[in-house]
Amino acid sequence: MHTGLSPWLRPGANTCADRAFCHSFGRGEGKHQMVPGWPYSVVAALETGRTSWTAVLDAVRLKPGADVSAVTTVQIREVVERIVAAGQWETGDPEVLVVLDAGYDAPRIVHLLNGLPVEILGRLRSDRVMRRPTPPRVYDPKGGRPLRAAAQARRRVRLRRLGNLGS
């Protein structure tokens, strides 16, 4: 099971009071933008194995200022209860794996779903470090943005042109 937010883009709907600004992912660098629309919280079942089939189990339109963790918790609880009631999960089966996208408060959701047969896996944002201190940032001596690892390595290794090898 996977949960995530998906903006339903409707930039032409200028008069709707409950519309919010949604982050839209574009292709290419600098193509991400905020557009007016309705964000949805979606719970989908992911097919096991090597396929990429999914089935949407629940979708809720989020109101502006909604507590996303609270909405997601209610959604997951209702979906898991429906799965149990339908006989798709029984005592002794492995717990339902719930994968949360980055940005969710996974520890809070784990606490709120206590008692359900679920295992929560939350993806961390890229700027989070868990068991070691963050590495020191290396800055370009000429100023500007920090160097990436490949750029740092290129600066350390100086390549020389080889002259005529035959002489």
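Return yes or no: is residue 65 open to solvent by less than 40 Å² (accessible area, probe 1.4 Å), in contact with a strand residue (DSSP E or B) (Cβ under 9 Å, 6 or more places away or on another chain), of a type in the set (Gly, Ala, Ser) and at pLDDT below 85? Step through it out loud before you land on a result.
Values: open to solvent by less than 40 Å² (accessible area, probe 1.4 Å): no; in contact with a strand residue (DSSP E or B) (Cβ under 9 Å, 6 or more places away or on another chain): yes; of a type in the set (Gly, Ala, Ser): yes; at pLDDT below 85: yes.
In short, no.
Listed residues 35, 84, 74, 99; which is open to solvent by less than 60 Å² (accessible area, probe 1.4 Å) and either modelled with pLDDT of 80 or more or touching a Gly at 6+ places or on another chain (Cβ under 6 Å) (or both)? Spell out the reasoning first.
On the way: 35 fails: either modelled with pLDDT of 80 or more or touching a Gly at 6+ places or on another chain (Cβ under 6 Å) (or both); 84 fails: open to solvent by less than 60 Å² (accessible area, probe 1.4 Å); 74 fails: open to solvent by less than 60 Å² (accessible area, probe 1.4 Å).
After applying the criteria, what remains is 99.
Which of the numbered conditions does residue 132 fail, given that it passes all the others? Conditions: (1) loosely packed, with under 11 Cβ neighbours inside 10 Å; (2) at pLDDT 85 or above.
Of everything listed in (1) loosely packed, with under 11 Cβ neighbours inside 10 Å; (2) at pLDDT 85 or above, residue 132 misses just condition (2).
Which residues, counting only those in the stretch 38-61, are exposed (fewer than 11 other Cβ atoms within 10 Å of the Cβ) and of a type in the set (Ser, Thr, Tyr)?
48, 51, 52
The values are calculated or read from the model by the stated rules, or taken from the named source; none is laboratory data. Keep in mind that this is a model prediction, so the values were computed, not measured. Ideal geometry is used to build each Cβ from the backbone, glycine not excepted, and the neighbour counts take in all protein chains shown. For accessibility, only protein heavy atoms count, side chains too; no ligands or nucleic acids. Shrake-Rupley method; radii C 1.70, N 1.55, O 1.52, S 1.80 Å.
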